[in-house]
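This report refers to the structure that appears directly beneath it.
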2 protein chains.
Amino acid sequence: MEKLSIEEETVVDNQGIDLKKKIKNIFGHLDPNNPPDICPIRDVLAPVTDKWSILIIIFLGVYTTLRFNELKRHIYGISSKTLTERLKLLKRDGYVLRKMYPEVPIRVEYQLTKFGYQYLEQLLNLTEWINSAMPDIIKKRHKFNVIIKK
Amino acid sequence: MEKLSIEEETVVDNQGIDLKKKIKNIFGHLDPNNPPDICPIRDVLAPVTDKWSILIIIFLGVYTTLRFNELKRHIYGISSKTLTERLKLLKRDGYVLRKMYPEVPIRVEYQLTKFGYQYLEQLLNLTEWINSAMPDIIKKRHKFNVIIKK
DNA sequence: CCGGATCCCCAGAGATACTG
DNA sequence: CAGTATCTCTGGGGATCCGG
């Protein structure tokens, strides 16, 4: 592999310059020989960009407060186990708040934290964008083969 | 589950109103009893928000053009098999361009498409945000238990 | 040699059943 | 109701092979 530092890299156009500067500011750790202890993408971002986490955040954004089984019904297809796991992780990292009411039967409510709402805004930008791009993507998939969701 | 349409939902504050309107505009398909054929999040967005896809997009954004093994070295930890898979999917959906030069030894170069650059911008917003939030998240994890990357 | 394809293996995700 | 427990099985890693 040729050694290309970001500085030496030839830049194609202004958009390229902007993007690369932005990336450079974000990542001091692009060197694979010197990986950071915790990678922002691998270890912090990616754990909450799976489909279930995204859907959880969005539905809590719509309904403000949801109980466990309400969430489960909204997010069709998710299993109890996976929902529990995702909620635990989202709580651990501060996206989600869990309130337990020791009634009979027990009641547990989930809400977004302030930080969770920040993430929701990010996700809405993403989903807005993917919605506008979706028709083209579907066309490409049809040309490529069939629908192939995965 | 109580039947809560977005309209009936009591709204807490202005931020809430804005977010919910945005969501409502994006999703006509929030009804779990009437799931769409193709879910924008499950089937279109989520397949490219895994850690490897994000890293591929970002590195192609930094270096403009990368060969297969260059990419593999930059994205430490990825296997050939997974890299191949992700690249195929990213190509299929129009994020990535593949150029093959039938030299000896063979040379294959990958680049972002225009659409790929659009996605890169989205991802940079996300990573910028996660970078600013990372210190707090790490603190929360320490309190919670240990570092727990996953 | 490069860019994969193939095969085997295992951790982790998901389906189902069950419990405090 | 809100989860666990159990089982299954797929997706991803590692090693090897291969066509150009």
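The values are calculated or read from the model by the stated rules, or taken from the named source; none is laboratory data. Please read these numbers as outputs of a predicted model, since none were measured by experiment. Glycine also receives a Cβ, built like all others from the backbone with ideal geometry; neighbour counts cover every protein chain displayed.
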Residue identified as on the phi < 0 side of the Ramachandran plot and within 7 Å of chain B (Cβ to nearest Cβ) among A:M100, A:M134: A:M134
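Table: residues versus (1) in a strand (DSSP E or B); (2) aromatic (F, W, Y); (3) more than 14 Å from the chain's Cα centre (by Cα).
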position: B:Y76; (1), (2), (3): no, yes, yes
position: B:L83; (1), (2), (3): no, no, yes
position: B:L120; (1), (2), (3): no, no, no
position: B:I138; (1), (2), (3): no, no, yes
If I ask for residues that are more than 18 Å from A:L112 (Cβ to Cβ) and at the interface with chain B (Cβ under 8 Å from one of its Cβ atoms), which ones from the range A:75-85 would you list? A:Y76, A:G77
Restricting to the range A:42-68, what's the tally of residues that are more than 15 Å from B:P40 (Cα to Cα) and either assigned to a loop (DSSP other than H, G, I, E, B) or within 7 Å of chain B (Cβ to nearest Cβ) (or both)? 10
Test of understanding: among B:Y119, B:Y95, which residue is more than 7 Å from every other protein chain (Cβ to nearest Cβ), in contact with a Gly (Cβ under 6 Å, 6 or more places away or on another chain) and not β-branched (V, I, T)? B:Y95
Condition met for A:H29 (surrounded by 20 or more Cβ atoms within 10 Å (Cβ to Cβ) and either at pLDDT 90 or above or touching a helix residue (DSSP H, G or I) at 6+ places or on another chain (Cβ under 9 Å) (or both)): no
For the range A:95-113, name all the residues that are at pLDDT below 95 and outside any strand (DSSP E or B). A:P102, A:E103, A:V104, A:P105, A:I106
Among B:K72, B:K88, which is within 13 Å of chain A (Cβ to nearest Cβ), at pLDDT below 95, touching a helix residue (DSSP H, G or I) at 6+ places or on another chain (Cβ under 8 Å) and within 14 Å of DNA strand D (Cβ to nearest atom)? B:K72
Test each condition in (1) within 18 Å of A:A133 (Cβ to Cβ); (2) within 16 Å of DNA strand C (Cβ to nearest atom); (3) not charged (D, E, K, R) for B:M100 and report the one that comes out false. (1)
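Listed here are the residues, each with its yes/no results for (1) surrounded by fewer than 13 Cβ atoms within 10 Å (Cβ to Cβ); (2) among the aliphatic types (A, V, I, L, M); (3) within 11 Å of DNA strand C (Cβ to nearest atom).
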{"residue": "B:R73", "(1), (2), (3)": "no, no, yes"}
{"residue": "B:I78", "(1), (2), (3)": "no, yes, no"}
{"residue": "B:K81", "(1), (2), (3)": "yes, no, yes"}
{"residue": "B:K91", "(1), (2), (3)": "no, no, yes"}
{"residue": "B:V104", "(1), (2), (3)": "yes, yes, yes"}
Residues B:E128, B:E103: which one is under 23 Å from A:D50 (Cα atoms) and among the charged types (D, E, K, R)? B:E128
